[in-house]
């Protein structure tokens with residue numbers, strides 16, 4: 001069975017036509033993306049210490065290099081997830097960093113839920129977005145629409161137009177009140 005890969009498949013999100021579900025996905029995506037950025041900054045603040053305490057402790061090769069890769073995956077990938085741009089590859093990279101973090105927590109503290117909890121929740125959310133994409137309210141959806149006008153159903157297009165009209169009407173209210 002041959003894989004059918006096209007640029008559209010990289011961007012096209014899994015489309016659930018429920019407006020509430022799409023709005024909730026966007027809120028989760030933006031929140032998790034924003035919350036994850038600080039982890040990258042924390043790593044870069046003292047990369048040598050992080051490399052020694054986390055990466056070298058696991059016995060992984062090239063701890064400084066892998067620490068920089070993890071930090072920049074979080075610094076670049078998290079905003080990409082928040083904007084919904086290249087969401088699948090960004091979320092997959094972040095899922096990988098969270099898997100390593102979970103492994104570190106298990107190696108240090110066993111299956112202690114307080115240590116494992118946050119990285120496991122992040123990993124599950126990033127895995128969800130790696131598989132399902134960003135949703136209709138994302139840059140990926142706009143790119144998909146540009147690349148292939150037939151990629152979305154007419155109802156999905158209506159939801160995207162509704163979101164654009166709501167954004168336009170709220171910006172008009174802001175300009176009128178100013």
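Values in this text are rule-based calculations from the coordinates and carry no lab data. Not measured: the values here are computed from a predicted model. Virtual Cβ from ideal backbone geometry, glycine too; neighbours counted across all protein chains shown.
Suppose R0 equals 45 Å. What FRET efficiency, 1/(1 + (r/R0)^6) with r the Cβ-Cβ distance, do residue 60 and residue 149 give to the nearest 0.05?
Taking R0 as 45 Å, the efficiency between residue 60 and residue 149 is 0.45.
Simple spin-label estimate for residue 131 and residue 6 gives 2.5 nm between the two label positions (7 Å along the Cα-to-Cβ direction from each Cα).
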